[in-house]
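Below: one structure, written as structure tokens.
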Amino acid sequence: MEQIERNEYPLSQEETLDIKKLFFQVLGNWYWFAISIFAGLFISYLVNRYSEQIYSVRSSLIVKDDENTRGLSGAENLIQGLKLVRNTKSVQNEIGILKSYTVAYQAISELPDFWVSYVAVGRRGIKESKLYTSSPFVVTYDSLTANITNYPAFVTILSTDTYLLEIDDGMNVRQKMKFGERFTNRSFNFTISLRSNRAPDDNLIGRKYYFYFNSLTGLAKAYQGKVVVDLNDKKGSILTLTTSGFVADQEADYLNKVMEVYIRRGLDEKNQIADNTVKFIDVQLREMEDSLRIAEQKLLNFRLHNRVIDISKEGSSIFAKLQRLQDQQLTLELNARYYSYLDDYLNTKTDLSDIVAPTSMGVDDLQLNMLLQQISQAVIDYQTLSYSAKPGSPIAEELNNRISTLRKTLEEKVSSLQEANGVAKREISRQVKLIEDELMKLPYQERMLINIEREYNLVDKLYTYLMEKRAEAAIAKASNIPDNKVLDFALPVNATQIKPNRKINYLIGFVLGLGIPFIVILVFNYINTRIVDLKTISQKTSIPLLGTVGHNRFNSDLPTIDKPKSTLAESFRGLRTNLQYLLRDPDKKVIAISSTISGEGKTFVAANLAAIIATTGKRVLIVGMDLRKPKLHRYFGGETHNGLSTYLIGRDSFEGIVHETRVANLYIVSAGPIPPNPAELIGSEAMDRFINEAKSVFDFIVIDTPPVAVVTDALLTARFSNILLYVVRFDYSDVEVLKLVEDIRKNGEQQSLAIVVNDLQHKRSYGYSYSYGYTYGYGYSYGSGYGYSQKEDGGYYSDDEPPLSWKEKFKRLF
């Protein structure tokens, strides 16, 4: 048996994206792209039109970095001498302080305009605008009375004197009020007044607004989270503060207030050092005032009553010795007072941040000074960490444990210093006692004068020293200046609108409008496994495509007879022509037609192919061999009580089952009654006798076989059929069908195979127009049908197809 030529194009091994097909799909669905792009741009317009504008505001300040303390003024050097630690600041710590909740809450607390939010409602009730200080009215309330926070109260201005107050959500408040009249219920207590800087305006009548009270805690947390602090240069110390919100003036006021609170906080910390020193010295001075006054009065009385003015040479020598011991005693007294202050501080207070530095009292103990520096540094680190870290964090716990350990060490150190200072004081007292023994040798009055002057000088020197230290601390406080200063204040005029970004929104709308249909096409192509392109056949199988059959829109099962001048009839003529090239030998008369599953149109193709061959004068017999589900008799109105099945069992003769049809030269053998063993009957010798007898009577035999994927009956015809036409339905049959056909060819189950595409419809998205067509061998085409149709008034194709129904039009649109 002669084999037909194979498609020599190599089979595709993997799926590839067909750019040309995708391009024509996009062109074919241009209107969907246009609609989608229009919808995307329209949505972008609505977003730009009704979205509330968000502005970004920034400011900057300079932070003094203590890593470089050169250039300090004299007053700053003086205050540094009162500190326990000198270099405690870093830029990163200051950033943490600026972003802390403490600073945010303090700033919000000092901005009363933030406590109530005002919102204007658009005339259509869609758009809303935050007003801040531009609202036509202001809400005042007593801070001692509680008002529900974040609960909207609506205000509609009725006139320049009255307004309508509405509070919903269960309160059902709807009350006409006068401006300046107090409103009170169980949840609210406030007064609404027109702003003093705004004159009554008739344009406000009918406008609707609402306001709500803010929670200062919640507001502080919100601003703490949205303020961004950046370092301009890693080597510099200029910080940029940025925040965003609906009202530029409000965001600018917040940034300026934050910088003010931050700078004031730093200055207060510096002043606190001087204040603590002054307070400590004042306590010491008050304790010494009585002692100084008594000693001074005692010396004056002695001189008045005893008339002793000068001291002898021997007395002067003794007095000089006492003076030297007195100076040492003065130092020890100051140390004792400071140690007593530390001991009392550690026993009564837990906060170690306010300890007066020992240098302010002239105490010069290296170990004590280093220990206090470590404590102060640890306390500062803990306070700085508390601005950003949670109280129970591991780092905070570690610092807290370190402070506790240092505190115990300090208590032990103070106790040992007190003991050592007491020993030194007792030694000085012993030496004074020895000199006093020498003093007993002097005259009584001179001896008394030296003792009185010694006592007076000790108290006077101590008092004078403390007064000097107090003056130094007062000077330091008076000359304090902030370490940090504002470089640029936040100004509303410098604010930039960041949302809605009109250009970006339109671009997003355009890209989405363009991308969504494109993605739908890609997804559809990916999930659609049906045969929708003739290229797929050449890519998936080497079996040639014999021809294509268009979609039957006529109300006829035999359009080749009823509509002989239609393009559909012409497509069957193309099949007939191609078969003439394949079946050139007169002995090749048997044509088997099958498909994979039911519904692909094999019976329709078989009936119309047989009819179109019969129109050439050839005697054609069409045989219904689908013994399991016969349908061929419906096309020609044949009998069902007898047929092929009755012949194969020997009940009827060949002449008894062959019937004429309404088509000249076309005869039919229907399937007959459904037998219980179709495969055995088709494989029997009786089937071979039937074919041989038919060949002797008819020029062509067209066999309508069962679907291949359902039963194996169709493959049993390979022994007597000269060619198997495998029907696949366009946009219906799965691509996997082609693998099945290729397996049949490879297994040699049918030597002569060809594919017929049925129900080929015009696909707008592919860029081609398939009316009818047929290809064979290497892809040659015969007749017309690709890209155009020949239609002339009274011409060859004069059988017009019926107009599309609304359902078909809608389906074709999608």
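The values are calculated or read from the model by the stated rules, or taken from the named source; none is laboratory data. Predicted model, so just to flag it, every value in this text is computed and none were measured. Backbone-built Cβ (ideal geometry, glycine too); neighbour counts: all protein chains shown. When the accessible area is computed, the model is the full protein with side chains, heavy atoms only, and any ligands, DNA or RNA have been set aside. Shrake-Rupley method; radii C 1.70, N 1.55, O 1.52, S 1.80 Å.
Summed over the stretch 588-602, the residues that are within 22 Å of residue 648 (Cα to Cα) and open to solvent by 10 Å² or more (accessible area, probe 1.4 Å) give a count of 1. So which residues in the stretch 697-708 are within 18 Å of residue 606 (Cα to Cα) and either at pLDDT below 90 or not charged (D, E, K, R) (or both)? Hits for the stretch 697-708 are 698, 700, 701, 702, 703, 705, 706, 707, 708. Scoring residue 270 on the criteria (1) at pLDDT below 80; (2) open to solvent by 40 Å² or more (accessible area, probe 1.4 Å); (3) within 60 Å of the chain's Cα centre (by Cα) leaves a single failure, condition (2).
Find the residue count for the stretch 634-684, including only residues that are assigned to a strand (DSSP E or B) and open to solvent by less than 30 Å² (accessible area, probe 1.4 Å).
We begin by selecting, within the stretch 634-684, every residue assigned to a strand (DSSP E or B); these are 659-660, 666-669.
This time we only want the ones that are open to solvent by less than 30 Å² (accessible area, probe 1.4 Å), so: 666, 668-669.
Residues in the stretch 634-684 being assigned to a strand (DSSP E or B) and open to solvent by less than 30 Å² (accessible area, probe 1.4 Å): 3 in total.
Looking at 476, 471, which is the one that is without any contact (Cβ under 8 Å) to a residue 12 or more places away in the chain and of a type in the set (A, V, I, L, M)? Reasoning before the result, please.
On the way: 476 fails: without any contact (Cβ under 8 Å) to a residue 12 or more places away in the chain.
Every option except 471 fails the conditions.
When residues in the stretch 464-519 are screened for being modelled with pLDDT of 85 or more, open to solvent by less than 90 Å² (accessible area, probe 1.4 Å) and not aromatic (Phe, Trp, Tyr), 22 of them pass. Residue count for the stretch 35-64 satisfying the condition of being polar (S, T, N, Q), at pLDDT 90 or above and farther than 11 Å from residue 508 by Cα: 4.
Listed by first and then second residue, the pairs with beta-carbon distance under 8 Å, at least 6 apart or on different chains, first residue in the stretch 79-106 and assigned to a helix (DSSP H, G or I) and modelled with pLDDT of 50 or more, second of a type in the set (Gly, Ala, Ser) and open to solvent by 20 Å² or more (accessible area, probe 1.4 Å), are 91/237; 96/388. Take the conditions (1) in contact with a Lys or Arg (Cβ under 9 Å, 6 or more places away or on another chain); (2) farther than 15 Å from residue 205 by Cβ; residue 169 misses just one of them, which is (1). Counting only residues that are part of a strand (DSSP E or B), within 18 Å of residue 263 (Cα to Cα) and open to solvent by 40 Å² or more (accessible area, probe 1.4 Å), the stretch 203-245 holds 4 of them. In summary, residue 619 fulfils each of the numbered conditions (1) in contact (Cβ under 8 Å) with a residue 40 or more places away in the chain; (2) touching a strand residue (DSSP E or B) at 6+ places or on another chain (Cβ under 8 Å); (3) under 17 Å from residue 604 (Cα atoms); (4) open to solvent by 10 Å² or more (accessible area, probe 1.4 Å) with the single exception of condition (3).
Checking the structure you have, find out if any residue of the stretch 300-315 is at pLDDT 70 or above and either buried (at least 19 other Cβ atoms within 10 Å of the Cβ) or more than 57 Å from the chain's Cα centre (by Cα) (or both). Within the stretch 300-315 (the criterion being at pLDDT 70 or above and either buried (at least 19 other Cβ atoms within 10 Å of the Cβ) or more than 57 Å from the chain's Cα centre (by Cα) (or both)), the answer is yes, since at least one residue qualifies. Give all pairs with beta carbons closer than 7 Å in which a residue from the stretch 669-692 that is touching a residue at least 60 places away in the same chain (Cβ under 8 Å) meets a residue that is part of a loop (DSSP other than H, G, I, E, B) and open to solvent by less than 60 Å² (accessible area, probe 1.4 Å); count only pairs at least 6 apart in sequence or on separate chains. Short answer, once both residue conditions are applied: 691/720. Residue 256 satisfies every condition listed in (1) without any contact (Cβ under 8 Å) to a residue 60 or more places away in the chain; (2) part of a helix (DSSP H, G or I) except (1).
Within the stretch 716-747, the residues that satisfy the criterion of being farther than 25 Å from residue 685 by Cβ and not in a helix (DSSP H, G or I) are 725, 726, 727, 728, 729, 730, 731, 732, 733, 734, 735.
Of all the residues in the stretch 179-194, those that are open to solvent by 50 Å² or more (accessible area, probe 1.4 Å), part of a strand (DSSP E or B) and not hydrophobic (A, V, I, L, M, F, W, C) number 2. Just one of the listed residues (399, 332, 352) is at pLDDT 75 or above and within 60 Å of the chain's Cα centre (by Cα), and it is 399.
The single condition from (1) more than 15 Å from residue 588 (Cα to Cα); (2) touching a residue at least 40 places away in the same chain (Cβ under 8 Å); (3) surrounded by fewer than 18 Cβ atoms within 10 Å (Cβ to Cβ) that residue 697 fails is (1). Close Cβ contacts (under 6 Å, 6 or more residues apart or on different chains) running from residues in the stretch 416-430 that are within 15 Å of residue 365 (Cα to Cα) to residues that are at pLDDT 80 or above and of a type in the set (Gly, Ala, Ser) comprise 421/336.
In the stretch 146-162, what residues are among the β-branched types (Val, Ile, Thr), over 11 Å from residue 194 (Cβ atoms) and open to solvent by 40 Å² or more (accessible area, probe 1.4 Å)? Within the stretch 146-162, 148, 149 meet the criteria. Filtering the stretch 520-534 down to residues that are open to solvent by 70 Å² or more (accessible area, probe 1.4 Å) and free of Cβ contacts under 8 Å to residues at least 40 places away in the same chain, which residue is nearest to residue 43 (Cα to Cα)? In this case the residue turns out to be 520.
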